[in-house]
Amino acid sequence: PNDAQTLLEYLKNKQIEDPTFFYAIQVDEVDGQIANFFWADSQSIMDYACFGDAVSFDTTFQTDKLEMPFAPLIGTNHHMQIIIFGAALIFNESVESFVWLFETFLTAMSGKHPSTIFTDQDATMAGAIAYVFRNTSHRLCLWQICLNAAKHLGHVIQKHSEKFVHDFKKCVYEDRSETLFIKMWHDLVTEYNLEDNQWMAYLYNLRKKWAAVYIDSFTADMTLTHRSEGMKNVFKKKFRRKLSFSEFLVEYEKVSASLLENELDADFSSR
């Protein structure tokens with residue numbers, strides 16, 4: 001309760017400083033406890049109006065001592081730098097929580113749907129995206145896929161080292177024709193004896209959400225693994241240890257300020 005109060009005070013004070021600051025809180029109907037938070041400042045709202053065509057959403061930041069996932073919605077600006085469109089702390093990763101968050105996000109952003117949203121391979125999240133963002137192309141984060149490949153195909157990578165990684169990425173980024181992509185995939189599976197690998201079969205079934213040849217919407221180059229890795233690292237560096245709510249808010253403010261500073265520096269340099 002004290003932590004929730006801390007966050008509530010923070011959000012109220014932000015709104016006093018910045019009248020266009022948006023925040024929303026969802027209260028659990030069963031026990032009356034605060035369940036989910038979302039907020040976006042005026043800069044984020046303006047940025048989304050300009051650059052909100054491609055959004056990355058991630059819940060892998062376990063930041064606070066209460067184990068509530070921190071879920072930022074981020075994108076890139078005209079300098080290809082990372083910008084924050086909004087931030088959330090969610091009580092659980094249920095369909096209901098995600099639906100509430102995405103609908104709240106749309107309210108804050110005057111109903112503008114992104115062209116593309118990037119997430120990890122979470123079926124719950126995918127269901128909520130299909131329900132709320134009906135006009136949006138849902139793509140899977142390639143950096144996350146490469147991380148999962150290292151986890152599920154460790155034995156292959158160990159045996160063939162960089163050659164497999166090179167062949168795998170070549171296949172992922174093949175964008176000339178679907179026929180060629182399918183041939184390259186089957187060649188990859190055959191060459192490395194992965195015919196019975198369940199993860200590879202699962203990934204192939206989801207191919208329309210990650211393979212470059214199936215891109216049918218604006219992505220702001222977020223399909224590149226180094227771009228999405230950079231986006232994750234913005235917060236990963238700051239939120240390595242478990243933080244209390246008040247410590248978390250201080251760190252969040254620092255990240256926001258440094259991103260804005262980066263943009264101002266790049267604006268100055270380009271002028």
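The values are calculated or read from the model by the stated rules, or taken from the named source; none is laboratory data. Everything numeric here is computed off the predicted structure, so don't read it as measured data. As a convention, Cβ positions derive from the backbone with ideal geometry for all residues, glycine included, and neighbour counts pool all protein chains shown. The protein model used for the area step is the full one, side chains on, heavy atoms only, and it has no ligands, DNA or RNA in it. Shrake-Rupley method; radii C 1.70, N 1.55, O 1.52, S 1.80 Å.
Report yes if S246 is small (G, A, S), in contact (Cβ under 8 Å) with a residue 40 or more places away in the chain and out of contact with any Leu (no Cβ under 6 Å at 6 or more places or on another chain), otherwise no. When the stated conditions are applied, S246 passes them. Residues that are open to solvent by 10 Å² or more (accessible area, probe 1.4 Å), out of contact with any strand residue (DSSP E or B) (no Cβ under 7 Å at 6 or more places or on another chain) and under 12 Å from Y131 (Cβ atoms) within segment 94-105 comprise V95, E96, V99, E103, listed in sequence order. The residue pairs whose first member lies in segment 137-159 and is within 17 Å of A123 (Cβ to Cβ) and at pLDDT 90 or above, whose second member is surrounded by fewer than 16 Cβ atoms within 10 Å (Cβ to Cβ) and not aliphatic (A, V, I, L, M), and whose beta carbons are closer than 7 Å, counting only pairs six or more residues apart or on different chains, are H152/W199. Whenever a residue of segment 187-212 is more than 20 Å from A126 (Cβ to Cβ) and open to solvent by less than 100 Å² (accessible area, probe 1.4 Å), its partners that are at pLDDT 95 or above and of a type in the set (S, T, Y), lying with C-beta atoms within less than 9 angstrom and at least six residues away or across chains, give the pairs V189/Y204. Look at K112 and say whether it is open to solvent by 40 Å² or more (accessible area, probe 1.4 Å), among the basic types (K, R), farther than 18 Å from A201 by Cα and under 20 Å from the mean Cα position of the chain (by Cα). Here the answer is yes, as K112 does meet what is asked. The residue pairs whose first member lies in segment 9-32 and is touching a residue at least 40 places away in the same chain (Cβ under 8 Å) and part of a helix (DSSP H, G or I), whose second member is of a type outside the set (K, R) and open to solvent by less than 90 Å² (accessible area, probe 1.4 Å), and whose beta carbons are closer than 8 Å, counting only pairs six or more residues apart or on different chains, are Y10/L249.
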